[in-house]
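Have a look at the structure below before the remarks.
The values are calculated or read from the model by the stated rules, or taken from the named source; none is laboratory data. Everything numeric in this text was worked out from a predicted model, so none of it was measured. Cβ atoms come from the backbone with ideal geometry, glycine included; neighbour counts cover every protein chain shown. Calculation scope for accessible area: heavy atoms of the full protein, side chains included, ligands and nucleic acids excluded. Shrake-Rupley method; radii C 1.70, N 1.55, O 1.52, S 1.80 Å.
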Amino acid sequence: EIAIIEPRDEHYYQPKWTMVGGLGLDVKSTGRPMGTVLPVGVDWIKEGCQTFQPEKNSITLSNGQTVEYDVLVVAAGLQQNFDGIKGLAETIGQNGVASIYSYQYSPKVWENIQNIKGGRAIFTSPSTPVNCGGAPQKIAYLAEAAWRGTGARPSINIEYFTPSPAVFACSYYAQALAPMMMRKGIKANLKSNLVEVDGRNKLATFEREGGEIYTLDFDFLHVTPPMSAPSFFKDSGLTNAAGFMDVDKQTCQHTKYENIFSLGDCSSLPTSKTYSAVSSQAPVVVHNIQAMLKEKPREVTATYGGYTACPILTGDNKLMLAEFNGYTMEPAQTFWPLDQRKPILPFYLMKRFVFEEVYWHFMPIGRWYGSRTIFEPPIKHKEFSAAPEEASAAPVMPFERHFLQGKIQLNEAGHGTSHGVRGDSGSLHPSLFGIETPPVPGNISLCGSLPAEVVKALAPRYKGWLYLNPENHPDFHKDAIKAAGCDLVNIHLPGGYSGGTPTHEHAVELLKAMKTLPRPLMVQCTSGNRSGAALMLWLSKKLGRSVEAASLLAQDMELRFFHCSVCGPVWDWLSQEIGDIPSSFRQQEDTGYTLEQYFDTQGSSTFTYLVGCNETGEALLIDPVLGMEDRDLTKIAERGLNLKYIVNTHCHADHVTASAAIKKKLPEVKTMIAKDSGAEADIYLSDGDKIQIGKYALEALATPGHTSGCMSFHLVGPGDPLAVFTGDALLIRGCGRTDFQQGSAEQLYDSIHNKIFTLPERTKVFPGHDYRGRNISTVREEKHFNPRLNKGKDEFIKIMANLNLPKPALIDTALPANLKDGKTD
């Protein structure tokens, strides 16, 4: 299991803040909801870290909860200390003082650049490590270019202050930057550190090396604040004297605790703290963790050599791409024979348009490797410790060399036709061979036919292998699969390009195999089509999906069989096996609780849910519909349960609740609704309340936005049911409207992202309605595939404002009745 501890709601592409301040870009475009950028298949613990207990292999969260770990990776970044300079915290963002090192203050930089007409402009760098050491001077160059554009440049004196003895740490690039600074008329003040700011009087005080103090007036002051490791590192026993996570500079492993690793800005790695450095450190950390977690743990030997890069915007749509080794301060240029000290337009275009896309789309899935781009680099090992034979670094083989040169030929299925694949599984790029690992529970990959050498290299990554062609198929390399230690099952599944039609017996065999085979699991056929169908059968039967829900997920995952022109028999077979169940859901596995879903056939498409404890017999109904109460009560009696509560997720406008009708028959039943709904009920609920039914409970989650009184309910209890009932807040690939009943698009977006999307990704989502027969989803699916909610908040608000939906047909009848707990008389 993998968990990420991250308290923030938003994730920011911070390198863009330089362009917000220097080019006037929209700061809102730099952020995305945290849930949309976290890796697929991990649990998000939305809390901060308070303390470490490395001797106990645990950490304490800000809410007091303790989390235990087998391996801990610390990548907490740097902390900006605006209070680290006297007077700065009181004046930042006003009085002509701003900084690109903040979402809040970076727009103020552009505002000041536009407004200043003359005087002195000061740009500073601190004496501490910073995010991207070139950024303090990048903004100076961009400002200088902007002032030339407005004609104000002749009236503005620009000065740059740094405590360092040179304008850049790597002398190779400093030799080019210092003259450029002079040509631009920017005065470089070396060995000078900003120590105090008087914003009201516009005075900046500096200290020169040796202790001399002097003060200058300013019209604009750009401050790079002092930075440090996060404050919660203090007293952890894990840091070096400077306060950074104390790790070996080669392996990124902690110097005292072997199951702790750190990378990025918060680590003690003595290199420039950049995004490029992290992308080179990450494969090393991954390789070393994998070595530790093997059945027979091995010495961590993979090493990071110090590579880092700083793209320095120099104005006029040009950029100097400074790549170097932060350990040796030697240049490490990728684009040889170009002299990367010369700023050019292509590098600017990479920074402006390419790096951001890489950041959002490749970094979160672990598929960006710095100067190697998307190609996983060969692992280097400690020279003083011979690496195990099978983990040794391999030379670049013809396959990789040809692919890098753009010469490899791919067939229509996306499979490589070149040979010479490296023999170790860690160097293979599965996507090149049409291999997919869909973002759904189960850790299952899908593929078509593969060359023998690819199977040999790939199989060690998997513990189970399901082969869907006949045993005598020429591309069935079972010896290589078995040699890798995989549990192998061969089931000939007809259909698709292989011809024939699958039967129910095939479905039974497949479900048995997919239930028992260990994970990670590879499912292989000829083209990948039937593999996708097998996955959908498994997911649908395991979760109880309707055909419509399965069809939607197949489309979202772009499974090939769903679009295949010859796979009609496979889809027909799959539909028949799943069964047409839009009107009901029953818990598919033996548990200690009952969970059933009923569909309103009268027209509102409302889902009603029965939840009960099998041991005590206590049960509740969620959102029962007037006219369907006899069915609901019959179901409850058939299950041997006793109805205790009726829970309404909100005051509905499209149907009348059956609360009053059921209470006439069962007066002892208590009704519940959110206190903020404005409706009548026996019991009013607030955020965090728990509704107990035997050993199980519904935890109330306030999720306003559709209406001001909307609530979702998280089922908790023995066996970790992993279910949430979302009412009209979150629907399958949609959400409730926000244009009446005190609705708010902004509030709904925050409710879903902060209350529902923070639940474990495997959590089943049971919506209040669906108009297309889809009955169930998961948190993971909605985070990744919901077309309204996988976007930023501003775009979501715009979408909701333009829905132009008609008024609910029954609102004039339903709303007054529901405000009275379903009383219609």
- request: Under 1.5 on a/c is rounded, so check that first for region 225-308, then, if it is not, pick prolate when a/b is larger than b/c and oblate when it is not; a ≥ b ≥ c are the square roots of the alpha carbon gyration tensor eigenvalues.
  value: oblate
statement: Checking region 206-235 for GluC sites (Glu not before Pro) in a loop per DSSP with at most 14 other beta-carbon atoms within 10 Å yields Glu209, Glu212
query: Working from the pairwise distances between different alpha carbons, so that the mean of 1/r is found and then inverted, what is region 760-825's Kirkwood radius in Å?
result: 15.0 Å
- request: Summarise the accessible area of the chain (1.4 Å probe, protein heavy atoms) by the percent that is carbon and sulfur.
  value: 50 percent
field: Cα-based Kirkwood hydrodynamic radius, region 642-777, one decimal, Å
entry: 15.3 Å
- request: Of the DSSP beta bridges with both residues in the chain, give the percent that are antiparallel, rounding to the nearest 5.
  value: 60 percent
query: Given a cut-off of under 8 Å on Cα pairs at least six residues apart, what relative contact order in percent is computed for the chain?
result: 8 percent
task: Report, by chain and number, residues whose modeled amide H sits under 5 Å from the one on Asn775, excluding near sequence neighbours (fewer than 5 apart, same chain).
output: Ser546, Ala549
Prolate/oblate/rounded label for the chain (Cα gyration tensor, a/c 1.5): oblate
- prompt: Where the Cα atoms of region 180-226 are projected onto their three principal axes, how long is each span, largest first, in whole Å?
  reply: 32, 27, 19
query: Given Cα pairs under 8 Å that are at least 6 residues apart, what percent is the relative contact order of region 625-778?
result: 16 percent
message: Can you give me the long-range amide H partners of Asp770? Hydrogens built in the peptide plane at 1.01 Å from N, cutoff under 5 Å, separation of 5 or more residues or another chain.
response: Phe607
- prompt: Going down the list Lys542/Lys663; Lys138/Lys273; Lys635/Lys670; Lys664/Lys820, which pairs span over 26 Å between their C-alpha atoms?
  reply: Lys542/Lys663
task: May I ask for the distance between the Cα centers of region 728-779 and region 679-711, given as a whole number of Å?
output: 15 Å
- request: Rank-order 140-147, 287-294, 230-237, 693-700 by packing density, defined as the average count of other C-beta atoms within 10 Å over each peptide's residues, highest first.
  value: 140-147, 693-700, 287-294, 230-237
query: Within the set Lys541/Lys793; Lys191/Lys380; Lys256/Lys783; Lys675/Lys764; Lys16/Lys117; Lys690/Lys793, which residue pairs have Cα atoms separated by over 32 Å?
result: Lys541/Lys793; Lys191/Lys380; Lys256/Lys783
message: Sort 120-131, 629-640 by the packing proxy (mean of other Cβ within 10 Å over each peptide's residues), most packed first.
response: 120-131, 629-640
task: Under 1.5 on a/c is rounded, so check that first for region 475-536, then, if it is not, pick prolate when a/b is larger than b/c and oblate when it is not; a ≥ b ≥ c are the square roots of the alpha carbon gyration tensor eigenvalues.
output: oblate
field: Amide H within-cut-off set for Leu731, under 5 Å, with H built and near neighbours excluded
entry: Gly736
task: Rank by packing, highest mean first: peptides 619-628, 484-493, 354-363, with packing defined as the count of other Cβ atoms within 10 Å averaged across residues.
output: 619-628, 484-493, 354-363
query: Under the rule of -39500 (n - 2.57) per DSSP H run of 4 or more residues, summed and divided by the residues of the chain, what mean residue ellipticity at 222 nm is obtained, to the nearest 500 deg cm²/dmol?
result: -7000 deg cm²/dmol
message: If you count only protein heavy atoms with a 1.4 Å probe, what accessible area per residue comes out for the chain, rounded to a whole Å²?
response: 43 Å²
message: Suppose a student asked you for the relative contact order of region 155-196, using Cα pairs under 8 Å spaced at least 6 residues apart; what percent would you report?
response: 58 percent
task: Could you tell me what percent of the DSSP beta bridges with both partners in region 190-298 are antiparallel, to the nearest 5?
output: 95 percent
- line: Expected vector for region 339-356, Karplus 3J(HN,Hα) from phi with 6.51, -1.76, 1.60 and θ = phi - 60°, integer Hz, x for Gly and Pro, equals 8, 6, 6, 8, x, 9, 5, x, 5, 4, 5, 4, 5, 6, 10, 8, 4, 5
- line: Net charge near Arg519 (other residues with Cβ under 15 Å of its Cβ; Lys, Arg +1; Asp, Glu -1) is +3
